[in-house]
2 protein chains.
Amino acid sequence: MPHVSDRGIAMPDSPIRKLVPFANKAKARGIKVFHLNIGQPDLPTPEIALDAIRSIDRKILEYSPSDGIYTLREKLAAYYHTFNIEVSADDIIITTGGSEAVTFAFMACLDPGDEIIVPEPAYANYTAFAVSAGAVIRSIPSSIETGFALPPVEDFEKLITPRTKGIMICNPNNPTGYLYTREEMNKIRDLVKKYDLFLFSDEVYREFCYTGAPYISAFHLDEIENNVILIDSVSKRYSECGIRIGALVVKNREVYDNVMKFCQARLSPPLIGQIAAEASLDVPAGYMLDNYNEYLRRRNFLIDGLNRIPGVFSPIPMGAFYTVARLPVKDADHFCKWLLSDYELEGQTIFMAPASGFYTTPGYGKDEVRIAYVLKKEDLAISLKILEEALKVYPGRTI
Amino acid sequence: MPHVSDRGIAMPDSPIRKLVPFANKAKARGIKVFHLNIGQPDLPTPEIALDAIRSIDRKILEYSPSDGIYTLREKLAAYYHTFNIEVSADDIIITTGGSEAVTFAFMACLDPGDEIIVPEPAYANYTAFAVSAGAVIRSIPSSIETGFALPPVEDFEKLITPRTKGIMICNPNNPTGYLYTREEMNKIRDLVKKYDLFLFSDEVYREFCYTGAPYISAFHLDEIENNVILIDSVSKRYSECGIRIGALVVKNREVYDNVMKFCQARLSPPLIGQIAAEASLDVPAGYMLDNYNEYLRRRNFLIDGLNRIPGVFSPIPMGAFYTVARLPVKDADHFCKWLLSDYELEGQTIFMAPASGFYTTPGYGKDEVRIAYVLKKEDLAISLKILEEALKVYPGRTI
C-alpha cells in the first residue's frame, strides 16, 4: 500500500477527541455525562433563521457565488458597522465556517516554512490549519496567574525570525475567555507594524463580552488595516454551528485576490446556510440580549462555584463562554479520562477538555482544563458538585 | 505590506472565470447570454429534498459528526451497493462537496513535491487542490481524435518517478464525457498495482452513462481496494450543487484515519445539506429516469447539431453532461471572448468554456471548447444557431 502523507500524520490529535470513546462507554454503562468539553451552544437557533430555511421556495439548490451571496455580505458589513468596523460587502468573503476562513487565510498568506506567532493556550485547530498549509506555529504561553493576559512584547520579539509572517489572536479568547485590552491590542499593533506582519484575528465571540471593557477589533487599530485578516463566524453568536457559515474580512486586495482563488476552486459556500445566516442578522435584539444574559449568569455561577472548590482556581473570563481552570491534579488528561472511565456520582459524571490540547509549549496546562458553559445553570450546579466530590477521591490529587 | 503566499499566486486562474466580466458586460448591454460554460444542472432538485429542508423541526442547528450523519452514510452505502460497490457506512466520510473530498484526499495522501498523473483534459480545479497540497500534477494529454480514450500505458510509465504517488481519473469524465472501458480500467489497475499508487477516482457522474457500456468503478477493480479513494458528490445527480455535500469513500484505514484528521479540524460538513442529501437518496426512480432521458435527448441533439456545423467536430460523449468540441478557430479563448464582447445574433450570444483551462500540456486544446448541456433543447437549438452564424463571420476562423 502506498504511504499516506507525513502532513496528515503531523496533524495534531486532540486530547478531547481521545476521550470521546470513554464518554461513549460511560453512556453505554447508563451514566449521564455532562458535556463541559464542547463549544456547541445549547441555546436555540433564532426562529427567524429556522423560518427562512423552512420557507425556501427555490426549484433548484444552485451554487452560490464563490465569495458568497451579495445581500448576506451587505448585511454583514452593516452588522460590523455597529461595532465600528468599517468594511464594505466587497471586503467580505463568505466561507464554510470560520474553519475555512482560517484555512484560506493561511493558504493565501503563508508558504510552507512560514511562521506565525500565537499566544497560547489557543484554539487547537489553528495548528491543524497551519499544518495543512505547511506553516509553523510558534507559541508564546500566557499564564493563568495573570488571567491569561497578553504575554510581554519581548516574548513575541524573541520568536521573530526572517520566516515570521504573522500573529494570530482570538479575541475574546477561546479557550480562556480573555478579552484583550486597548493597551494590549496597541502592543500587538506596534509589533505588526514594526515587523510588517499579517494579523489574523479570530473575533467570533465578540457578542459575548461581560465586563463592560470595550471589545477592540483588529480593524480598530491604526495604520495596519492592510495587515489585518479578520476571521468571523455566525456559529456561536446565533447557535447555528451546523450551517457552516463564516467569513473572512480583508481590505488588502492582494490577500483578497489570493483568498478568492481558493474560494473559486471549491466553487461555493453552503447555500442554505447562507440563507439562514442572512436571516439571523435580522434577529430581534431581545434574542441577543437573552442569550447574553444567560451566558453572563452562567459565567458568574460557574466561576464562583469553581473557586469555592478547595484547590481549584479559575480566573474570571471576560468574554466568550469558556474558562480555563487550574485543578489540584498532576495530570488533567488523566483526571478527565478517570472521570469518564472510573468515576460517577449517583450515575452522573462530567466531560471536561484537558487544557494540554490548547498548548504546544511542553509542560504547560498539565493541571488545567477548559470548561464551556453551554449547559443550563442547574446542570452546571450538578457538574460543580461532581467535580468537587470527584476531586476528594481522585488518586492523582496533588493538594 | 507583508507578501501573500507564492502558493496562492501559483493557483491557476481559470479561463472561464476570466470571461465572466465579459459575459456580465454583454448582459449589461441587454444581450441574452446562453450559459454553456457551467456544470450547474438546470433540472429541478428533487421535491423530497426540498421538503426535507422545509420540514426541519430542530431547535438548534448543531454541529454534525465530523464524518457526517450516520444514517446518510448508511444510505449511501446501500446506494453504492446498487452499483456493485461494496462498502460500509464506516468506509464513507461526508465532505463539504466533492471539492473538499478531493482536497482532503490530496492532503491526506500527498506531501509537498509528491506527484500524481492525470489524463487531460481534466477538471481544472484538481490542479488548484494539488497546489493547495503542494503536490504536482503530471498530465498526459488524451486526444479528441480518439474521442479522449485513455492514453497508452507507456505514456503513463514515462511519467512515473520516485515521487509518483497516484493517478487521478474522472469517470464518466468532466470535461469530455468519456467513459472508461473495462479494458482501460484494467490498464489503470495494473499501473496502480505495479507501482503501488493511489487511485483517486472521481465518479460523480455515474448516473449519466448513455451508451449501454458498463460503468466501471475504481472499486470494481481487483486487488487494489486499499489503493482506491473514491470521490463522490450529490451535486450533479440530484441538481443540488448548492448544498455542498460530497463523500470520500476509502477502505484503506490508514488513509481513512489521515483524512479524518482534516475532517475533525474543520469540525463538520453542512448539517442541512446532509438532511437534503439523505432525503434525495430516496428520490423516486422516475426522477432519475426523467433526468437521464432529458440529458440523453439533449446530448443526441447537441452532438448531432455540432457535427452539422461546417468545421466543427465533437466526439459522442458517453456520459456526464459535457462535450469537448473542436472548432475551426486558431484560438478558442479568443473566440469565446469575442462571442461575448463582439458578437450577437438578434440580441443573443453564447458563453462556452475554452478547453485550454482543462489542459496543462502546452499547445493542447487551443481550438477546443467545453460545452455543458444544462440548457433545455430549445435553448441548445438557439445556441447551435448562434455558434454556426458566429463562425461564419469570426475573423480568427481557420478553415
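The values are calculated or read from the model by the stated rules, or taken from the named source; none is laboratory data. Computed from a prediction, not measured in an experiment: that's the story for all the values here. All Cβ positions, even for glycine, are placed from backbone atoms using ideal geometry, and neighbour counts span all protein chains on display. Surface accessibility is based on the protein's heavy atoms, side chains included, excluding ligands, DNA and RNA. Shrake-Rupley method; radii C 1.70, N 1.55, O 1.52, S 1.80 Å.
Things to note:
- Count of the range B:17-28 residues which are crowded, with 18+ Cβ neighbours inside 10 Å and either within 13 Å of another protein chain (Cβ to nearest Cβ) or closer than 30 Å to A:Ile224 by Cβ (or both): 0
- B:Phe313 meets the conditions (1) farther than 19 Å from B:Pro15 by Cβ; (2) out of contact with any His (no Cβ under 8 Å at 6 or more places or on another chain); (3) crowded, with 18+ Cβ neighbours inside 10 Å in every case but one. The failed one is (3).
- Filter pass, B:Ile31 being open to solvent by 20 Å² or more (accessible area, probe 1.4 Å) and either within 24 Å of B:Glu378 (Cβ to Cβ) or within 10 Å of another protein chain (Cβ to nearest Cβ) (or both): no
- Restricting the range A:83-130 to residues that are under 13 Å from the mean Cα position of the chain (by Cα) and in a loop (DSSP other than H, G, I, E, B), the residue that is farthest from the other protein chains (Cβ to nearest Cβ) is A:Pro121.
- Contacts under 7 angstrom Cβ, first residue in the range A:360-389 being surrounded by fewer than 19 Cβ atoms within 10 Å (Cβ to Cβ), partner among the acidic types (Asp, Glu) and at pLDDT 95 or above, 6 or more apart: A:Thr361/A:Glu120; A:Lys366/A:Asp331
- Criterion violated by A:Trp338 - all others in (1) surrounded by 18 or more Cβ atoms within 10 Å (Cβ to Cβ); (2) touching a strand residue (DSSP E or B) at 6+ places or on another chain (Cβ under 6 Å); (3) more than 22 Å from A:Gly147 (Cα to Cα) satisfied: (2)
- Within the range B:40-57, considering residues that are assigned to a loop (DSSP other than H, G, I, E, B), out of contact with any Leu (no Cβ under 9 Å at 6 or more places or on another chain) and open to solvent by 10 Å² or more (accessible area, probe 1.4 Å), the one nearest to the other protein chains (Cβ to nearest Cβ): B:Gln40
- Members of the range B:1-16 found to be touching a Ser or Thr at 6+ places or on another chain (Cβ under 9 Å), at the interface with chain A (Cβ under 7 Å from one of its Cβ atoms) and either assigned to a helix (DSSP H, G or I) or open to solvent by 50 Å² or more (accessible area, probe 1.4 Å) (or both), listed by number: B:Arg7
Rundown of residues vs (1) open to solvent by less than 20 Å² (accessible area, probe 1.4 Å); (2) at pLDDT below 95; (3) within 25 Å of A:Lys59 (Cβ to Cβ); (4) within 23 Å of the chain's Cα centre (by Cα), yes/no style:
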| position | (1), (2), (3), (4) |
| --- | --- |
| A:Asn227 | yes, no, no, yes |
| A:Ile231 | yes, no, no, yes |
| A:Ala265 | yes, no, no, no |
| A:Pro269 | yes, no, yes, yes |
| A:Ala277 | yes, no, yes, yes |
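- Scanning the range A:258-284 for residues that are touching a Pro at 6+ places or on another chain (Cβ under 8 Å), of a type in the set (Gly, Ala, Ser) and more than 8 Å from chain B (Cβ to nearest Cβ) yields A:Ala279, A:Ser280.
- Strands (runs of 3 or more DSSP E) (entirely within the range B:185-266) containing at least 2 residues that are of a type outside the set (A, V, I, L, M): B:198-202, B:228-233
- Of all the residues in the range A:17-39, those that are among the β-branched types (Val, Ile, Thr), in a loop (DSSP other than H, G, I, E, B) and more than 20 Å from the chain's Cα centre (by Cα) number 1.
- Any hit, the range A:144-152, residues being in the same structural domain as A:Glu225 (by TED's automatic domain parsing), over 20 Å from A:Tyr178 (Cα atoms), assigned to a helix (DSSP H, G or I) and touching a residue at least 12 places away in the same chain (Cβ under 8 Å): no
- Inclusion of B:Tyr63 among residues that are in contact (Cβ under 8 Å) with a residue 60 or more places away in the chain and more than 13 Å from chain A (Cβ to nearest Cβ) is not warranted.
- Qualifying residue in the range A:58-67 (condition: crowded, with 20+ Cβ neighbours inside 10 Å, assigned by TED's automatic domain parsing to the domain that holds A:Glu207 and within 23 Å of A:Asn173 (Cα to Cα)): no
- Test: residue in the range A:151-164 that is open to solvent by less than 30 Å² (accessible area, probe 1.4 Å) and within 14 Å of another protein chain (Cβ to nearest Cβ): yes
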